[in-house]
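The values are calculated or read from the model by the stated rules, or taken from the named source; none is laboratory data. Here the structure is a predicted model, which is why all the values come from computation and not from measurement. As a convention, Cβ positions derive from the backbone with ideal geometry for all residues, glycine included, and neighbour counts pool all protein chains shown. The accessibility values were calculated without ligands, DNA or RNA, using every heavy atom of the protein model including side chains. Shrake-Rupley method; radii C 1.70, N 1.55, O 1.52, S 1.80 Å.
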Amino acid sequence: MKKLYLHIGYPKCASTFLQKEIFRKNKKINYLRSKKNDVIDKNVELFWKNIYIKNNFYFKKNYKKDLYFLKNLNFKKTIIFSSEDITDYVKLKSVYHIDPNEVFRRIKTVSKFFKIDFKIILVIRQQSDIIMSRFAQDHLFMNILPKYKNFSAVKKFFERKKKNKEEKKIFDSFNYYLTYKKLRKYFQKKINQ
């Protein structure tokens, strides 16, 4: 079975450094990214559209055709796709309107159909540092948590015991063990500790 590496984040865990300095510059890596030298790679765009941008109807109807290019990849080099959005619950829900479990299901479907062994790269960092960095950079929390206008309010949210269903999902998205268990569920043979 062909191997393809999928770097899925976490956001704010050196993703940009990995993408620009390691994946892009290493001669042994074929880093498949949406833009190369300001030219959009339509195949890579279609990969991400099918994985987390399009709805289920579109995915089921089109993924075999849209992602056919995977059959023709040159696997002599290490192939890497990278998107920290996959582990960014807030962005998946507020921008792409998709559940992370559905993203993992789609990757597994693609893996089975194209007979590609997706190896998952997951980089973590102290949760409090990620949360502070995310809040400082782009305030995406505000799309789902509009009442948290400053960082001390966000901090109180994470410290609070009672949370509604959506708040609990946000909170749980920073629980690395839960993410690991989800990955084990979908990619059992592909997780090395």
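Taking the range 89-103 on its own, how many of its residues are open to solvent by 10 Å² or more (accessible area, probe 1.4 Å) and farther than 12 Å from residue 49 by Cα?
10
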Task: Scan of the range 57-84 for residues that are open to solvent by 20 Å² or more (accessible area, probe 1.4 Å) and either charged (D, E, K, R) or in contact with a His (Cβ under 7 Å, 6 or more places away or on another chain) (or both), ordered by number - done: 60, 61, 64, 65, 71, 76, 77, 84
TODO: Inspect the range 104-112 for any residue being open to solvent by 50 Å² or more (accessible area, probe 1.4 Å) and under 23 Å from residue 14 (Cα atoms) and give the result as yes or no.
DONE: no
TODO: State which residue is modelled with the highest pLDDT when the search covers only the range 127-136 and only residues that are more than 18 Å from the chain's Cα centre (by Cα) and either part of a loop (DSSP other than H, G, I, E, B) or of a type outside the set (Phe, Trp, Tyr) (or both).
DONE: 129
Open item on the list: For the condition in a helix (DSSP H, G or I), among the basic types (Lys, Arg) and at pLDDT below 75, what is the one hit in 168, 189?
Closed with: 189
Open item on the list: Looking at the range 18-27, can you tell me whether even one residue there is surrounded by fewer than 20 Cβ atoms within 10 Å (Cβ to Cβ), under 16 Å from the mean Cα position of the chain (by Cα) and either closer than 28 Å to residue 177 by Cβ or modelled with pLDDT of 90 or more (or both)?
Closed with: yes
Open item on the list: Checking the conditions here, which among 34, 15 is open to solvent by less than 60 Å² (accessible area, probe 1.4 Å), at pLDDT below 95, within 16 Å of residue 85 (Cα to Cα) and touching a Gly at 6+ places or on another chain (Cβ under 8 Å)?
Closed with: 15
Open item on the list: Looking only at the range 137-165, how many residues end up being open to solvent by 40 Å² or more (accessible area, probe 1.4 Å) and modelled with pLDDT of 75 or more?
Closed with: 10
